[in-house]
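Read-outs: derived from the displayed coordinates by stated rules, not from any lab. Just so it is clear, the structure is predicted and the values come from calculations on it, not from any experiment. Note: ideal-geometry Cβ built from the backbone for every residue, glycine included; neighbour counts use all protein chains shown.
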Amino acid sequence: MIDQIALRPSVFSIRGTEELPDRPSLKGCQCKCGYVFFPRQYFGCESCGRFGDDIENIEMSGRGKIREFATVHRSQRKDLPAPYIVATIVLDAGVVIRGLLDVTDEKQLSIGQTVYSTLSSVGRDEDGREIVDLRFSINQSN
Ligand SMILES: [Zn+2]
C-alpha cells in the first residue's frame, strides 16, 4: 500500500470512523449544548457561545445527502481544472458542508442522493507519498 498523507489534515482524516471505517472522516467539534460544527474553530460555539472545555473535538462519518449542487464551468485554479461539481451536503451528523464531488456529469446526481467521502490523489510529496484531498462520491463502494 502506498503511504498517503492528507492535504488538509486539520479538516479531514484518512482514517474512517467506527461507524464508517472505510471512508475518510471529517474533523468537527461538538459543544456541550449539542451543536456540531465544521470545520473546527475555537472562538466558541456558533449556537450558544460556550468555549474552551465545553467544546469537544469529534470525527464525523463521511456520509451525507446532497441538498444542492452546481457545476463550475470556469476556474482559474490550476489545481482544480473545470468543469467540476460543488455540492452542499448534509452530513449524517447534521452539519451542512460544501464539498467537491468526484463526478463531473450532473445527470448522475439528484437532490437527496447519498454521497460518501472519498480520497482523491492530488500529487506527491518529496518522499514519494501520495497527497490526497477530500471529495464526495456517489458510489457506496470505495
Ligand atoms: Zn453550544
Step through the residues of the stretch 129-141 one at a time and calculate ³J(HN,Hα) from phi using the Karplus curve (6.51 cos²θ - 1.76 cosθ + 1.60, θ = phi - 60°), rounding each to whole Hz and writing x for Gly and Pro.
6, 7, 8, 10, 10, 7, 9, 10, 10, 8, 8, 6, 8
Arrange the following residues from fewest to most other Cβ atoms within 10 Å of their Cβ: Val90, Val103.
Val90, Val103
Calculated diffusion of the chain, Stokes-Einstein form, Kirkwood radius summed over Cα pairs, 10 °C and 1.306 mPa s, µm²/s:
99 µm²/s
Extension gain Ser47-Leu109, at 0.36 nm per residue separation less the Cα-Cα distance, in nm?
19.1 nm
I'd like to know which of Gly62, Tyr35, Val72 lies farthest towards the positive end of the charge dipole of the stretch 35-80, counting +1 on Cβ of Lys and Arg and -1 on Cβ of Asp and Glu.
Val72
Sites matching GluC sites (Glu not before Pro) across the stretch 28-91 that sit in DSSP coil, with at most 13 neighbouring C-beta atoms within 10 Å:
Glu46
Non-local residues with an amide H under 5 Å from the amide H of Arg23, with H modelled 1.01 Å from N and Pro and chain starts lacking one, are Gly16, Thr17
In the stretch 76-142, which GluC sites (Glu not before Pro) fall in coil by DSSP and have 14 or fewer other Cβ atoms within 10 Å?
Glu126
Within the under-10-Å Cβ sphere about Leu119, not counting Leu119, Lys/Arg +1 and Asp/Glu -1 give a net charge of -1
Convert each backbone phi in the stretch 37-47 into a coupling constant with the Karplus relation 6.51 cos²θ - 1.76 cosθ + 1.60 (shift: θ = phi - 60°), then list the ³J(HN,Hα) values in order as whole Hz, x for Gly and Pro.
9, 8, x, 5, 8, 10, 8, x, 6, 5, 9
Of all the stretches in the chain, which is the longest one without any exposed loop site, taking trypsin sites (Lys or Arg not before Pro) in a DSSP loop (any state but H, G, I, E, B) with at most 13 other Cβ atoms within 10 Å?
79-128
Taking θ = phi - 60°, what integer Hz values does the Karplus form 6.51 cos²θ - 1.76 cosθ + 1.60 yield along the stretch 102-110, in sequence order, with x for Gly and Pro?
8, 10, 10, 10, 4, 5, 7, 10, 8
